Structures are given as structure tokens and as C-alpha cells.
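Peer 1: Let me give you the structure first, and then I'll get to my questions.
The values are calculated or read from the model by the stated rules, or taken from the named source; none is laboratory data. All figures in this text were calculated on a predicted structure; none of them were measured in a lab. A quick note on method: Cβ atoms are made from the backbone with ideal geometry, for glycine too, and the neighbour counts reach across all protein chains shown. Protein only, heavy atoms only, side chains kept; ligands, DNA and RNA dropped before computing areas. Shrake-Rupley method; radii C 1.70, N 1.55, O 1.52, S 1.80 Å.
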Amino acid sequence: MTKVCKYFPHVIEPSAGADRGTLALLCEAYTDDASRPSGVVMKFHPRMAPIKAAIFPLVDKDGMPEIATKIYEEPPQNWNVQLDVKQNIGKRYARMD
């Protein structure tokens, strides 16, 4: 009589360092986008963003920069918020992206 042994294949991965986590984040964020000149964009989950909010006054007159500065100083201290009043609004958005 022959004994039948059941074997379940498995893999043990003992390495779970920072480099594996970083690679997983990069692979997840890598996205093809034909509308961009490079054809590639990185879309990270919002929790990974180092900057949580940006404040842009629409114009650099009529007291708007002062109002933006006041709003900039109001958020909780544990948020990373940036204030940008230079150049036009489109360039500011692109810089924060």
C-alpha cells in the first residue's frame, strides 16, 4: 500500500524592510498617462502626501495676500500647509502637484 502525502506549496518571505515598502508604494503609484509629455505620472494615495493643503490667493492685490496669510496661520499645527503667492495660479497648482 502506497502512502499519499499532501504537500501545499508556500513561500516564506522573511524580508520586510523599508526598501520593500518603498518599492511597493512606487509600484502602486506608477500610472501611464498619455496626455502628459513623459507618458507617466505617479499617483500616490493622499495619506502619503507630505503637503496636506496649499493656500493660493487668486490675485496679488486688494489685500488678498494678507487674507491668505491669515488663513495660512489658522490650520492645526500638525498639518503641513504651504502658502504660495508668486506667479500665476496655474503655475502654483502645477508646483504643488
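Peer 1: Rounded to the nearest 10 Å², what accessible area does LYS70 have for a 1.4 Å probe in the complete protein model?
Peer 2: Accessible area of LYS70: about 130 Å².
Peer 1: Same structure, new question: Suppose accessible area is computed on protein heavy atoms with a 1.4 Å probe; arrange VAL59, VAL41 from highest to lowest.
Peer 2: VAL59, VAL41
Peer 1: HN-Hα J couplings of the stretch 47-54 from phi, Karplus 6.51/-1.76/1.60, θ = phi - 60°, integer Hz, Gly and Pro as x?
Peer 2: 5, 8, 5, x, 10, 8, 7, 9
Peer 1: Output wanted: per-residue J couplings in Hz (rounded whole) for the stretch 62-71, from phi through Karplus 6.51 cos²θ - 1.76 cosθ + 1.60, θ = phi - 60°, x for Gly and Pro.
Peer 2: 6, x, 4, x, 5, 5, 5, 5, 5, 5
Peer 1: Using a cut-off of under 18 Å, list every residue of the stretch 43-61 whose amide N is near the label point 7 Å from the Cα of ILE71 along the Cα-to-beta-carbon line.
Peer 2: Inside the label zone: 51-61.
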